[in-house]
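Trainee: One structure is given below, represented as structure tokens, and several questions about it will come after.
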Amino acid sequence: MRAGGIPMRLRNAMRLAALGFGFGLMALPAAAQVAPDHPGRAVYNKSCATCHDNPGATRAATLVSMQQQSPARLREILTTGVMQPMAVGLSPQEITDVIAFLTAGQTAASATWTDAIMCTTDKRTVDSAA
């Protein structure tokens, strides 16, 4: 069927292409949008880049995947989560700076989508014997 002279298949293909392009733009590294002298960039380069810029070699999360996390989630990961041992040498200000660096390019919607799908159950309180 044609709607407005454009075959339905072509219209659907165009919609999918536009959607894919939009998602591609969302995946652009936010770090590229951050000033080179951002204090969080220095913290990232010193304490994080060795692993997170080489995820294939270290099995670490990529910079892009970290940039998709909310500031609250990143703070949790660094202070009580899996990265706590790596962040032990960072001051509270350095943690704040690296979080600001990682989330600098986020919009309100992109900063909260991961929180919306995150399991809120504290894994430490789940009774696995039940």
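The values are calculated or read from the model by the stated rules, or taken from the named source; none is laboratory data. These numbers come from a predicted model, not from an experiment. Virtual Cβ from ideal backbone geometry, glycine too; neighbours counted across all protein chains shown.
Trainee: Within the range 52-81, work out how many residues are under 17 Å from residue 94 (Cβ atoms), of a type outside the set (Ser, Thr, Tyr) and assigned to a helix (DSSP H, G or I).
Mentor: Adding up the residues that qualify gives 8.
Trainee: Also: Taking residue 30 and the conditions (1) under 18 Å from the mean Cα position of the chain (by Cα); (2) modelled with pLDDT of 60 or more, which numbered condition does it fall short on, given that it satisfies the others?
Mentor: With (1) under 18 Å from the mean Cα position of the chain (by Cα); (2) modelled with pLDDT of 60 or more applied to residue 30, the lone miss is (2).
Trainee: Being surrounded by fewer than 14 Cβ atoms within 10 Å (Cβ to Cβ) and either out of contact with any Lys or Arg (no Cβ under 7 Å at 6 or more places or on another chain) or at pLDDT below 90 (or both), is that true of even one residue in the range 67-75?
Mentor: Looking for residues that are surrounded by fewer than 14 Cβ atoms within 10 Å (Cβ to Cβ) and either out of contact with any Lys or Arg (no Cβ under 7 Å at 6 or more places or on another chain) or at pLDDT below 90 (or both), one finds none in the range 67-75, hence no.
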